[in-house]
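Every read-out reported here was derived from the displayed coordinates using simple, explicitly stated rules and does not represent laboratory data. Quick caveat: nothing in here was measured; it's all calculated off a predicted structure. Cβ sites come from the backbone with ideal geometry, for glycine too, and all protein chains shown count toward neighbours.
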Amino acid sequence: MQHKNMKHCIKISGNMYFDHHALIIAIIFMITIVVISDIDGQIKSKQSDGNTVEYYNTRGKKKIENNSQQKDILNNPYDSLIVTIANKENIDPHLIRCIIKIESNFNKDAVSVAGAMGLMQLMQDIVQAYNVDDPFNPEQNIKAGVKHFKSLLALLNNDIVLALAAYHAGIGRVKKNMTVPNISSTIEYVNAVMKLYKPQKNNNYTKKIEKLYLQMLPDGTINITTIK
C-alpha cells in the first residue's frame with residue numbers, strides 16, 4: 001500500500017502475499033478510498049509492469065467543472081421568468097434551467113433543423129396546443145414548455161428521466177415500453193440534462209443493452225461474452 005501526494009493510492013501486485021491482518025487492513029483502506037471518492041473525486045485504476053494494479057482517487061477537477069456549469073446556468077438572463085413560471089406549475093426551476101441550457105443555450109431566437117423554436121425549442125404542434133402567439137417570446141415559450149413538460153410527467157408517473165426522453169423523442173416512443181428509447185440523440189439529450197440537474201449522480205442511459213452469452217470452455221472455465 002502506498003500513499004501519494006494529491007491522490008490516494010493502493011497497489012496490488014501479482015507476486016504479493018498478505019497475511020490475514022494485512023489483507024483486512026488493505027480492504028479497510030480501499031473502502032476508505034471509495035468513501036473519499038464519493039465526496040471528493042473518482043476511483044480509477046491502471047495496470048503497470050509486474051502485474052501491478054494501482055487504484056487511486058482523482059480529486060477536484062470534476063467538481064470545479066460542475067460548479068462552473070452551475071454558475072453559468074444560474075446567471076442566465078431569463079431566470080426570474082423561469083422561477084416564476086416553474087413554481088406556478090410546481091416544477092423545480094433548476095430542472096427547467098437545465099432543459100433550456102441543453103435545448104437552446106438560453107438563445108431565445110434559436111431554431112433547430114427540425115423546426116423547434118425558442119428557448120425550450122417548441123415544435124409547431126406544441127405551439128398550437130398551448131396557443132402560443134410568438135414562440136420566440138421568452139415568457140410565452142417558457143410557459144408552454146413548462147406546461148408541456150408537466151403534462152409529460154403526469155403521463156409518466158412523475159419520472160423525470162422518462163419525461164425528458166418524451167420531451168425529446170415524443171410521448172409515443174417512451175410510453176410504449178416505459179423506458180428511454182434506443183435513439184442515440186435522445187439518450188445523449190437525457191444524459192446531458194441529467195448531468196446538469198444531478199451532477200453528483202452517475203447518469204448514463206446506455207445506448208444499447210447487449211445480450212450476454214455464457215460459454216463453457218473445455219477446461220471448465222465459464223466465459224461471458226456478447227458474441228454468440
Which of rounded, prolate, oblate describes the range 64-197, given a ≥ b ≥ c as roots of the alpha-carbon gyration tensor eigenvalues and a/c under 1.5 marking rounded, otherwise prolate only if a/b is larger than b/c? rounded
Once Leu155 and Glu188 are pulled to full extension, the length gained, defined as 0.36 nm per residue separation minus their Cα-Cα distance, is 9.7 nm
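Fully extended, how many nm does the chain gain between Ala129 and Asp109 (0.36 nm per residue separation, minus their Cα-Cα distance)? All intermediate terms of the calculation are to be shown ahead of the outcome.
Details: separation 20, 0.36 × 20 = 7.20 nm, distance 2.04 nm.
That pair, Ala129 and Asp109, stretches by 5.2 nm at full extension.
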For Tyr167, Tyr189, order by how many other beta-carbon atoms lie within 10 Å, fewest first: Tyr189, Tyr167
Stretch Ser68-Leu217 to full length: gain in nm at 0.36 nm per residue minus the Cα-Cα span? 48.5 nm
